[in-house]
Amino acid sequence: MAATTVARRPTVCIGDVHGHLIRLHALWRNLEAGLGALFASATVIFLGDYCDRGPDTAGVLDFLVALPTSYPSQKHVFLCGNHDFGMSAFLGLLPAVPGFPFSRTWEGTKGAEEKQEAEGWWSGRGFEDMHLQGRRWGGRVKAKFNVKKNMEYRGSIFDSEPTFSSYGVEHGDREGLLGAVPEDHKAFLRKLVWIYEQDGSESCGKLVAVHAGLEAARPLEEQLRVLREKDVRLSRHENMLGRSNVWNAPEARSILSLSGHHGSLHMESHRLIIDESGGQDNMPLAAVVLPGRQIVRDTDSIGHVLDGLAQSPLSLQASAD
């Protein structure tokens, strides 16, 4: 009897988009062409940071908001990145916590006076109860050049000026931005998850996706609780903002730790970092397809994508007697 094919549901992990709508369209076309019919039922995990740096945050959010209708058989996961958190905080979209004014997140920040001066925290009407990350996001950084990223700052420490521009608003104009951002974009930002957990398979352990990563030196269950509950009382969320402290995976070897954020494409047995572009104009937007760990970029030719995914263990051929 002829062999039968049992298709696996692929998991597609897409790195930080950062307002680059044209790149997102190109990457999506490559994934669709490379995976064929399997793409229609894929689990697609966006690793956060949809806004800032690139020219069209508004267009990116339009694209993402429409995906559940355009691809109803896919499962879509939209993680919250530190840039998305900052934008949400600036727009007042974070959930209110009874008895907890958000001014606590910046009043007790170590070196707050010096940081406020250097980062130019936003101080317009309504700043008195704005989360620290919202003030940083909407402010204007004093320095002109980001030495670490070898690029000019674009407005704030978050490079948020292009996001304002994409909605036709001047940088720092909170009232204007509140009026310009559509309600479905606001709803999208409110609903972003801080963590995604997926049962593993024979090829990988339990998948845990967090924008920046999990801290190896901090109790895992404590981190998972904060992320699952979306605890907005912290002034700084290391799982969204951390760097070296979240680079390595926790000791729990059964976990496949997945994130973006770091401006790097880094793949180890239990740690995947998918953010090749970092939002920079001269770097490609990348995705990784699991379980085969094939890399797909917006800059790939269709032929290159097809050749790469041809080796993917996304389907099993079983011979029947």
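The values are calculated or read from the model by the stated rules, or taken from the named source; none is laboratory data. Note that the structure is a prediction, hence the values are computed from the model and not measured. Note that each Cβ is placed from the backbone with ideal geometry, even for glycine, and that neighbours are counted across all protein chains shown. Side chains are part of the model used for accessible areas, which takes the heavy atoms of the whole protein and leaves out ligands, DNA and RNA. Shrake-Rupley method; radii C 1.70, N 1.55, O 1.52, S 1.80 Å.
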When the chain is fully extended, how far beyond the present Cα-Cα distance does ALA180 get from ALA143, taking 0.36 nm per residue of separation? 10.5 nm
Among ASN146, ASN82, ASN245, which one shows the biggest mean-square fluctuation in a GNM of the chain, springs joining Cα atoms closer than 10 Å? ASN146
Binned at 5 Å from 0, what are the whole-percent values of the Cα-Cα distance distribution for region 24-75, short to long? 4, 17, 26, 29, 14, 8, 1
Size of charge dipole - the chain - debye, nearest 20, with Cβ of Lys, Arg +1 and Asp, Glu -1, no other charges: 320
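Where only protein heavy atoms count, and the probe is 1.4 Å, what is the accessible area per residue for the chain in Å²?
Numbers: 14310 Å² over 321 residues.
Here the residues of the chain average 45 Å² of exposed surface.
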R0 of 30 Å, Cβ-Cβ distance ARG104-GLU152: FRET efficiency to nearest 0.05: 0.35
Can you list the aspartates and glutamates whose alpha carbon is less than 12 Å from that of LYS206, not counting same-chain residues fewer than 8 positions off? GLU197
With the cut-off at 1.5 for a/c, could you classify region 93-249 from its C-alpha gyration tensor as rounded, prolate or oblate? prolate
Taking all protein chains as present, what is the carbon and sulfur share of the accessible area of the chain, in % to the nearest whole number, probe 1.4 Å? 52
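Can you tell me the FRET efficiency between LYS206 and SER301 if r is taken as the Cβ-Cβ distance and R0 is 22 Å, rounded to the nearest 0.05?
Values: r = 35 Å, r/R0 = 1.58.
Given R0 = 22 Å and the Cβ-Cβ separation, E is 0.05.
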When the chain is fully extended, how far beyond the present Cα-Cα distance does SER235 get from MET267, taking 0.36 nm per residue of separation? 8.5 nm
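Rounded to the nearest 20 Debye, what is the dipole magnitude of region 15-75 about its Cα centre when Lys and Arg each give +1 and Asp and Glu each give -1 at the C-beta?
Details: 4 positive and 6 negative charges, 36 e Å.
Charge dipole, region 15-75, about its Cα centre: 180 debye, nearest 20.
Mind ranking 103-113, 88-98 by how tightly packed they are, going by the mean number of other C-beta atoms within 10 angstrom, highest first? Can you show the working numbers first?
Values: 103-113: 13.2, 88-98: 17.2.
In decreasing order of mean packing, 103-113, 88-98 become 88-98, 103-113.
For the chain, what is the calculated [θ] at 222 nm in deg cm²/dmol (nearest 500), taking -39500 (n - 2.57) for each run of four or more DSSP H residues and dividing by its residue count? Walk me through the numbers on the way to the answer.
Working: 12 runs with 101 residues, N = 321.
Estimated from H runs of four or more residues: -8500 deg cm²/dmol.
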Quick one: angle between helix 57-70 and the longest Cα principal axis of the chain, in degrees between 0 and 90, rounded to 10, please. 40
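In what sequence, largest accessible area first, do PHE46, PHE145 appear using a 1.4 Å probe?
Numbers: PHE46 0, PHE145 95 Å².
From most exposed to least exposed: PHE145, PHE46.
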How large, in Å, is region 1-100 by the Kirkwood hydrodynamic radius built from its alpha-carbon pairs? 15.2
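Among LYS115/LYS148; LYS142/LYS230; LYS186/LYS230; LYS75/LYS191; LYS149/LYS191, which pairs are too far apart, with a Cα-Cα distance over 19 Å?
On the way: LYS115/LYS148 17 Å; LYS142/LYS230 31 Å; LYS186/LYS230 17 Å; LYS75/LYS191 15 Å; LYS149/LYS191 30 Å.
The pairs that break the limit, which is 19 Å between Cα atoms, are LYS142/LYS230; LYS149/LYS191.
What percent antiparallel are the DSSP beta bridges of the chain, to the nearest 5? Walk me through the numbers on the way to the answer.
Numbers: 22 of 38 bridges.
Looking only at bridges with both residues in the chain, the antiparallel portion is about 60 percent.
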When a/c reaches 1.5 or more, the comparison of a/b and b/c decides; with that in mind, is region 164-307 rounded, prolate or oblate per its Cα gyration tensor? oblate
Cα-Cα P(r), region 236-316, percent of pairs per 10 Å interval: 16, 41, 32, 10, 0
In nm, give the distance between the simple-model label positions of GLU117 and ASP62, each being 7 Å from the Cα along the Cα-to-Cβ direction. 4.4
log10 I(q)/I(0) for the chain, Debye formula on C-alpha points only (no solvent), q = 0.12 Å⁻¹, two decimals, reads -0.81
